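**Q** The structure follows.
The values are calculated or read from the model by the stated rules, or taken from the named source; none is laboratory data. These numbers were taken from a predicted model, which means no experiment stands behind them. Cβ: placed from backbone, ideal geometry, glycine included. Neighbour counts: every protein chain shown.
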Amino acid sequence: MEIKILLGILISTIFINNYVLSQMLGLCPFLGVSKKLDSALGMGLAVIFVMVMASFFTYLIYKFILIPYDIVYLSTISFILVIAALVQLVEMVIQKVSPSLYQALGIFLPLITTNCAVLGVALLNINSGFITSKMGLLESMVQGLGAGLGFTLALLLMAGIRERLELADIPKNLKGLPITFITAGLLALAFLGFSGMKI
Amino acid sequence: MNTIIKPTLILTAVAFTAAFVLSHVEKITYPNILKQKKEKQDKALLLILPGYKIIKENKTEIDHAEFHYWIGEKEVEGKPVKAYAFIAASAGYGGPVESIVGVDEHNRILGISILNQTETPGLGARCMEIASQNTLFGKLMGVENGDDGNLSPWFQEQFSGLSLDSGINILKKGDWSPAMKNELMERNAITSITGATITGRAVIRSLDSGFIKLQKALSVELNSAGGQK
Amino acid sequence: MNYWSEFKKGIWAKNPILVIGIGMCPTLAVSTSVSNAFWMTLATTFVLTGSNLIVSLVKGFVPDHIRMPIFISIIATFVTVVELMLNAFQPGVFKALGIFIPLIVVNCIILGRAEEFASKNGIITSMLDGLGMGLGFGLTLSALAFVRESLGANKLFGLTLIPGMQPSTAMILAPGAFFTLGLMLWGMNVINSRKG
């Protein structure tokens, strides 16, 4: 029974409520890093890790510090600082483990801090009412995982298409951001087909 | 050592300043926020229990969750008639949809008022939409087709009069119009928002589960009152 | 420094969304109605101007390698103030904008301007930069909202446009946002290439 709920959360965050194509979060890196498939994959994995860990820590902070001490209004500032710290950590790890990936991601790695999707999933975990549920922590982490997977999926789809677009003959004024947005719109239209899906 | 101490001290100072400023702003705004919430709830109660006087309000725990309900009473032809209100919530598309519901002694819905929802604007969020008779052009030309102040969202209004004894059905007939009223009453149904059946299902689910909890809460009351009504 | 040009640049020449390409998330998500666009602009401009002011004030005292957390804390404080104020005095707007109010914290425009401009410039110019950027952001947001609300919900400012017409709901959802912005960017390119 529990697995069914968790699977439901996973499927709905990856497909039905895809963070990029449906909820329009996480767009800056989506546009910036989706030019090549391998850097898109690297970014996606980093974001998944940050989202799961952020969901974990922000849930605990909300439940055991913010609510008991009645300082819920500090959630925005505490969440974003937690995320900033996590991204710093991920940066250091990637720099040690894979310097080439570090180079490829460039400025976009510290920019994961300002990725609306990461703060977004932390806030949405609270809004979904997981705090009152028995498996709240696990549900939040699964939602973080789903959000990251959905983000990565959108990123990979976009990167695949953009690699092809490089070779296509696009009118001068549509090149770059305009055609990218129109492509994203078509992807979003396709994903709309998932809405209303009963799990 | 200095490269760690100084930044840490500065960061701590910044954090303290932020917390200090925010706690003061919060103290100013908190009473307003509480007042808004209570006003909204009171206004909704008036709407769904029209003419009834609230004789009891209770928050109890049913099935490991908080259940908030009210008992109202009014006189009809010299005899006291009771009605009940409760808060119901169920998961919609973007999060829980919370409503306050009024039911009479015959388990008929007197009215519902959706208090909180985070549905998609343009789709599920239309559950809060008022079927305004006014158009933009009309407003600009100074033509008013009726006062929107007293209108209530059509999606919520259509629940009035439906029975909770049998299940509520969903029909997909597009936006509500007065012509649908008879058929919907006959089939104990509501018409869903185009493209947002999930929101309708969520409200119905919350009504069903809330109603069961109400009955449990009322039987607890009866028992504790020693069988006296 | 020319005050007017510092303010003006944010509106067209260095429009944050259309030229620099930052601050997209709230742009697409909040442009579902012109009223939402208005309040979001107000909130964002307040935070942007305020944080530019404070960052410019403290720029001498901020050690370089921890500037990011400090900027973020300053911005988050302003955002929380806006959150609390809206919740207390405009609950309808607070509900309509939802999580995008706290998400102002990660609006790249604010952190971007703090880093690029306010940390290197005077107080008055930083504030003007904030106001100009906010206005540019708001105009773009409103233009998008105008298109999306009228085509996607057959409404403007909550009032019906053409009675009885079924709107194209996809416009008010994600695809509409992407298409409209894409076409706007295309339009800008066309205008710029005609000029030059």
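**Q** Give me the helices (runs of 4 or more DSSP H) completely within segment A:71-158, filtered to those with at least 3 residues that are surrounded by 19 or more Cβ atoms within 10 Å (Cβ to Cβ), ordered by residue number.
**A** Once the helices (runs of 4 or more DSSP H) in segment A:71-158 are filtered for at least 3 residues that are surrounded by 19 or more Cβ atoms within 10 Å (Cβ to Cβ), what remains is A:75-97, A:116-127.
**Q** List pairs: first in segment A:103-117 and under 15 Å from residue C:25 (Cβ atoms), second outside any helix (DSSP H, G or I), Cβ under 7 Å, 6+ apart or cross-chain?
**A** As it stands, the answer is A:115/A:26; A:116/A:25; A:116/A:26; A:117/A:19; A:117/A:25; A:117/A:26, since those pairs meet every condition given.
**Q** Restricting to segment A:167-199, what's the tally of residues that are over 19 Å from residue C:175 (Cα atoms) and either surrounded by 18 or more Cβ atoms within 10 Å (Cβ to Cβ) or in contact (Cβ under 8 Å) with a residue 60 or more places away in the chain (or both)?
**A** Going through segment A:167-199 one residue at a time, the tally reaches 2.
**Q** Can you tell me which residues in segment A:32-51 are out of contact with any Gly (no Cβ under 6 Å at 6 or more places or on another chain) and either at pLDDT 85 or above or buried (at least 20 other Cβ atoms within 10 Å of the Cβ) (or both)?
**A** A:33, A:34, A:39, A:40, A:41, A:42, A:43, A:44, A:45, A:46, A:49, A:50
**Q** Any residue in segment B:38-49 that is facing another protein chain (nearest Cβ under 10 Å), crowded, with 17+ Cβ neighbours inside 10 Å, free of Cβ contacts under 8 Å to residues at least 12 places away in the same chain and assigned to a helix (DSSP H, G or I)?
**A** no
**Q** Considering only segment A:64-94, state which residues are away from chain C (no Cβ under 13 Å) and over 21 Å from the mean Cα position of the chain (by Cα).
**A** A:64, A:65, A:67, A:68, A:69, A:70
**Q** Continuing with this model, one more query. Select from segment A:91-113 the residues that are closer than 30 Å to residue B:22 by Cα and at pLDDT 85 or above and list them in ascending order.
**A** A:112, A:113
**Q** Also: Please verify whether residue A:123 is facing chain C (nearest Cβ under 10 Å) and in contact with a helix residue (DSSP H, G or I) (Cβ under 7 Å, 6 or more places away or on another chain), treating the condition exactly as stated.
**A** yes
**Q** So which residues in segment A:23-70 are under 22 Å from residue A:194 (Cβ atoms) and of a type in the set (Phe, Trp, Tyr), if there are any at all?
**A** Correct list: A:30 only.
**Q** Test residue C:134 against the stated conditions and say whether it is touching a helix residue (DSSP H, G or I) at 6+ places or on another chain (Cβ under 9 Å), within 23 Å of residue C:187 (Cα to Cα) and at pLDDT 90 or above.
**A** It is true that residue C:134 is touching a helix residue (DSSP H, G or I) at 6+ places or on another chain (Cβ under 9 Å), within 23 Å of residue C:187 (Cα to Cα) and at pLDDT 90 or above.
**Q** Would you say residue C:53 is within 30 Å of residue B:6 (Cα to Cα) and under 10 Å from the mean Cα position of the chain (by Cα)?
**A** It is false that residue C:53 is within 30 Å of residue B:6 (Cα to Cα) and under 10 Å from the mean Cα position of the chain (by Cα).
**Q** So, of the residues in segment A:32-48 that are under 17 Å from residue A:115 (Cα atoms) and out of contact with any helix residue (DSSP H, G or I) (no Cβ under 6 Å at 6 or more places or on another chain), which turns out to be nearest to the other protein chains (Cβ to nearest Cβ)?
**A** A:45
**Q** Continuing with this model, one more query. Considering every residue within segment B:167-176, establish whether at least one is within 14 Å of chain C (Cβ to nearest Cβ) and either of a type in the set (Gly, Ala, Ser) or out of contact with any strand residue (DSSP E or B) (no Cβ under 8 Å at 6 or more places or on another chain) (or both).
**A** yes
**Q** Among the residues of segment A:54-70, are any in contact (Cβ under 8 Å) with a residue 40 or more places away in the chain, closer than 30 Å to residue C:175 by Cβ and part of a helix (DSSP H, G or I)?
**A** Yes - at least one qualifying residue is present in segment A:54-70.
**Q** Residue C:125 - would you say it is within 21 Å of the chain's Cα centre (by Cα), more than 10 Å from chain A (Cβ to nearest Cβ), more than 15 Å from residue C:18 (Cβ to Cβ) and touching a residue at least 24 places away in the same chain (Cβ under 8 Å)?
**A** The answer is yes for residue C:125.
**Q** Pick out the one residue from A:186, A:177, A:192, A:157 that is facing chain C (nearest Cβ under 7 Å) and over 22 Å from residue C:20 (Cα atoms).
**A** Checking each option against the conditions leaves just A:192.
**Q** Could you check segment B:72-105 and list, in sequence order, the residues that are at positive phi and more than 11 Å from chain A (Cβ to nearest Cβ)?
**A** Those that are at positive phi and more than 11 Å from chain A (Cβ to nearest Cβ): B:77, B:78.
**Q** While we're looking at this one, here's another question. Could you give every pair whose Cβ atoms fall below 7 Å, whose first residue belongs to segment C:132-159 and is free of Cβ contacts under 8 Å to residues at least 60 places away in the same chain and within 14 Å of another protein chain (Cβ to nearest Cβ), and whose second residue is surrounded by fewer than 24 Cβ atoms within 10 Å (Cβ to Cβ) and of a type in the set (Lys, Arg), counting only separations of at least 6 or pairs across chains?
**A** Once the first residue is free of Cβ contacts under 8 Å to residues at least 60 places away in the same chain and within 14 Å of another protein chain (Cβ to nearest Cβ) and sits in segment C:132-159, its partners that are surrounded by fewer than 24 Cβ atoms within 10 Å (Cβ to Cβ) and of a type in the set (Lys, Arg) give C:159/B:139.
**Q** Separate question: Select from segment C:134-174 the residues that are in a strand (DSSP E or B) and surrounded by fewer than 21 Cβ atoms within 10 Å (Cβ to Cβ) and list them in ascending order.
**A** C:156, C:159
**Q** Limited to segment B:76-92, what total is found for residues that are touching a strand residue (DSSP E or B) at 6+ places or on another chain (Cβ under 7 Å) and not aliphatic (A, V, I, L, M)?
**A** Number satisfying all stated conditions: 5.
**Q** I would also like to ask the following. In this structure, is residue B:210 of a type in the set (Gly, Ala, Ser) and either modelled with pLDDT of 85 or more or assigned to a helix (DSSP H, G or I) (or both)? Step through it out loud before you land on a result.
**A** Working: of a type in the set (Gly, Ala, Ser): yes; either modelled with pLDDT of 85 or more or assigned to a helix (DSSP H, G or I) (or both): yes.
Answer is yes for this residue.
**Q** To continue, here is another question. Restricting attention to segment B:148-195, which residues are among the charged types (D, E, K, R), modelled with pLDDT of 85 or more and assigned to a loop (DSSP other than H, G, I, E, B)?
**A** Quick first cut of segment B:148-195, residues among the charged types (D, E, K, R) only: B:148, B:157, B:165, B:172-173, B:175, B:181, B:183, B:186-187.
Now narrow it down to the ones that are modelled with pLDDT of 85 or more: B:157, B:165, B:181, B:183, B:186-187.
Passing the criteria: B:165, B:187.
**Q** Please identify the pairs in which a residue from segment C:15-42 that is in contact (Cβ under 8 Å) with a residue 40 or more places away in the chain has its Cβ atom under 7 Å from the Cβ atom of a residue that is of a type in the set (D, E, K, R) and assigned to a loop (DSSP other than H, G, I, E, B), counting only partners at least 6 apart or on another chain.
**A** Short answer, once both residue conditions are applied: C:20/C:14.
**Q** Taking segment C:3-50 only, how many residues are over 11 Å from the mean Cα position of the chain (by Cα), at pLDDT 85 or above and away from chain A (no Cβ under 14 Å)?
**A** Count: 5.
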